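All of the numbers you see were taken from the coordinates with simple rules; none came from a lab. All of these numbers come straight from a predicted model, not from anything done at the bench. Cβ sites come from the backbone with ideal geometry, for glycine too, and all protein chains shown count toward neighbours.
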Amino acid sequence: SASKDMAGQRVLITAGGTREAIDPVRYITNRSSGKMGYALAQEALRRGAQVTLVTTPTGLDLPAGVEAVMVESAEEMRQAVLERFERVDVVVKAAAVADYRPLMQQEQKLKKKTDHLLLELVKNPDILAELGQKKNRQVLVGFAAETNDLETYALDKLRRKNLDLMVANDVTQPGAGFGKDTNIVTIFNRQGEKEQLDLMSKAELARRIFDKVIEILSARV
Ligand code: C5P
C-alpha cells in the first residue's frame, strides 16, 4: 500500500546479534546480520510509523528518520526495550539474542597460559517472554530460526511467549539463512493459522509482516 497506514503508531524493532563480553577485547556473538530488522524499520517508516530501532552494531546504514538506540549485550537490549515498552504499540523482535553469556566478564584481558580454558556460561533473560508477560495493548511479533520441526517449535514459542505473530524460518533452506537479502518463512498467528510464504526479499517480507500487524490492530477497534 502506498498510504501511510501506520501513521500515529509507535513501533519498536530490535535488530542484530547480541555481543556477550568475555573480557575487554573479546565477545561471543552469532551470525545475525541485522538485515531483517533494518528492513522492518525502513518499512514501518515508509508507512508513517514512529520507529525506534534497538540495534547491535551491524555495519548497516540506519534508515533515515529512525530513533536508534545502540546496544551490545542481551542485558543492554533488555533495559532499552523495557524502558520504552509502555510507550509503544507494536514490538517486532528481529534481533538474535544470545541464549547464554559468560558468567564472568573479566576486567582485564585474559592471558594465554593454559592449554585448556573453560568458559562458563549462564542463561540470558528472555526479553520477548518478559514483554509477553507485561503486554497490555501491544502487538508482539517474534522471529524463530529453526532447523527442524518448524511448526511445533514456532507455535510453542508463540504460546509460551504470549505473542501475536511468529515469523518462523527454516534456516537449512537455501535463501533463508543468516546474512542473506531474502527469506523463506511461515507466519503463525494466535488462532493457529499459518501462511507459508515463498522466497522473497526482506523488504517484501517486512511489508507482509506489517500488513498482518495492521490486520490485528484494526480487528481490535
Ligand atoms: O531464541 P528463540 O528462538 O526463543 O527466539 C524467538 C524470539 O524470542 C525472537 O524474536 C528473539 O528475538 C526473542 N528472544 C528474546 N530474548 C531471548 C531469546 C529470544 O527476546 N533471550
(request) Report, by chain and number, residues whose modeled amide H sits under 5 Å from the one on Y27, excluding near sequence neighbours (fewer than 5 apart, same chain). (result) I22
(request) Express in whole angstrom the spacing between the alpha-carbon centres of segment 161-188 and segment 19-80. (result) 18
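Across the chain, where is the longest run that never hits GluC sites (Glu not before Pro) in a DSSP loop with at most 12 other C-beta atoms within 10 Å? Could the numbers behind the result be given before it?
On the way: sites that count: E86, E107, E120, E193.
Free of exposed loop sites, the longest segment is 1-85.
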(message) Compute, for the chain, the length of the dipole vector about the Cα centre, with Cβ point charges of +1 (Lys, Arg) and -1 (Asp, Glu) only. Units Debye, rounded to 20.
(response) 340
(request) Compute the relative contact order of the chain as a whole-number percentage, counting only Cα pairs closer than 8 Å that sit 6 or more residues apart in sequence. (result) 19
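Take the cross-link list K157/K194; K93/K135; K4/K202; K4/K180; K35/K123; K134/K212 and give me the ones stretching past 18 Å between alpha-carbons.
Values: K157/K194 14 Å; K93/K135 14 Å; K4/K202 20 Å; K4/K180 28 Å; K35/K123 26 Å; K134/K212 22 Å.
Where the Cα-Cα span goes over 18 Å, the pairs concerned are K4/K202; K4/K180; K35/K123; K134/K212.
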(message) Using Stokes-Einstein with the Kirkwood hydrodynamic radius over Cα pairs, what translational diffusion coefficient do you get for the chain at 10 °C and a viscosity of 1.306 mPa s, in µm²/s rounded to a whole number?
(response) 88
(message) Can you give me the long-range amide H partners of Y100? Hydrogens built in the peptide plane at 1.01 Å from N, cutoff under 5 Å, separation of 5 or more residues or another chain.
(response) N124
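Rounded to the nearest 500, what is the 222 nm mean residue ellipticity of the chain from helices alone, with -39500 (n - 2.57) per DSSP H run of 4+ residues and division by all residues?
Working: 5 runs with 62 residues, N = 221.
Estimated from H runs of four or more residues: -9000 deg cm²/dmol.
Tell me the relative contact order for segment 96-221 as a rounded percent, counting alpha carbon contacts under 8 Å between residues six or more apart. It would help to have the intermediate numbers written out before the result.
Details: 160 pairs, mean separation 20.4, N = 126.
Relative contact order here is 16 percent.
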